[in-house]
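The values are calculated or read from the model by the stated rules, or taken from the named source; none is laboratory data. The structure displayed is predicted, hence computed values, not measured ones. Methodologically, a virtual Cβ is constructed for each residue, glycine included, from the backbone with ideal geometry; neighbour enumeration extends over all protein chains shown. Keep in mind that these areas ignore ligands, DNA and RNA; they rest on the heavy atoms of the full protein, side chains included. Shrake-Rupley method; radii C 1.70, N 1.55, O 1.52, S 1.80 Å.
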Amino acid sequence: EDLVLLGLFAAYFVQNLFAFDTPTTLIVLFGFFSYVSWRFFPREDVVYTRRSTPFLAVILGSIVIGVVAFGGIWYLSFRPAFANYYANKALSFASAKQYTESSVLLTTSTRYNVPIVTDQVVDALARREIARMGAHAIPGQEIFIRDLATRLEDIRARRPYAFSNHLVLAKLYLATAGSDEGYLDKSVAVLQGLQDKGYDKPELFILLGTA
């Protein structure tokens, strides 16, 4: 029993080497403290009775606790960490103009279903490519921009009041209107959608005038 308790305490500190306190680790920590308090500091005014627990029940209980703990750690700690890792790699590859690799990494990050990470990275990538676009085409950039536009449209559908993302999408369409006139119409549609939602910042009307 002493070794098990020591192992649980050591596991808490090992977990913190990779991810600081999360709801999952705090539940385990306070559960550990509660058990230690009950086990080693009994109240004198309470009569404790021991009951033997069937071995099978102990095994099944351990399995259930292990599955729940692993699921919680994966969902709250490792899943966001992996999503963030691949999103940052996508940024790095896009900076080096390796667009195909960046798209693959961005898709991998999206599979972990952490929108708060992927949405910010897509927005940052789109802003960077808008600033980078010029008279000379970069190999693979056009396909990459179309991929970003698709992802921004998804954000627009999921977050209808994330106005900054909508503006970036409109700018992306506007910046690529020279290669496809349909992008100009899409830009106007996005901007008019913002206007219908009550967005009235000067930047909106400047972009509408430009379109």
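Scanning the range 163-200 for residues that are modelled with pLDDT under 80, assigned to a loop (DSSP other than H, G, I, E, B) and surrounded by fewer than 14 Cβ atoms within 10 Å (Cβ to Cβ) gives 178, 179, 180. Residue count for the range 15-34 under the criterion of being at pLDDT below 70, more than 11 Å from residue 73 (Cβ to Cβ) and part of a helix (DSSP H, G or I): the result is 1.
Checking the condition closer than 21 Å to residue 189 by Cα, among the aromatic types (Phe, Trp, Tyr), without any contact (Cβ under 8 Å) to a residue 40 or more places away in the chain and touching a helix residue (DSSP H, G or I) at 6+ places or on another chain (Cβ under 8 Å), which residue from 93, 163 passes? Talk me through it step by step, then tell me what you get.
Values: 93 fails: closer than 21 Å to residue 189 by Cα.
Matching residue, one of 93, 163: 163.
Residue pairs whose Cβ atoms lie under 6 Å apart, sitting 6 or more positions apart in sequence or on different chains, and linking a residue in the range 198-211 that is farther than 15 Å from residue 162 by Cβ to a partner that is open to solvent by less than 50 Å² (accessible area, probe 1.4 Å) and of a type in the set (Ser, Thr, Tyr), are 211/187. Of the residues making up the range 43-53, not a single one is open to solvent by 60 Å² or more (accessible area, probe 1.4 Å) and at pLDDT 70 or above.
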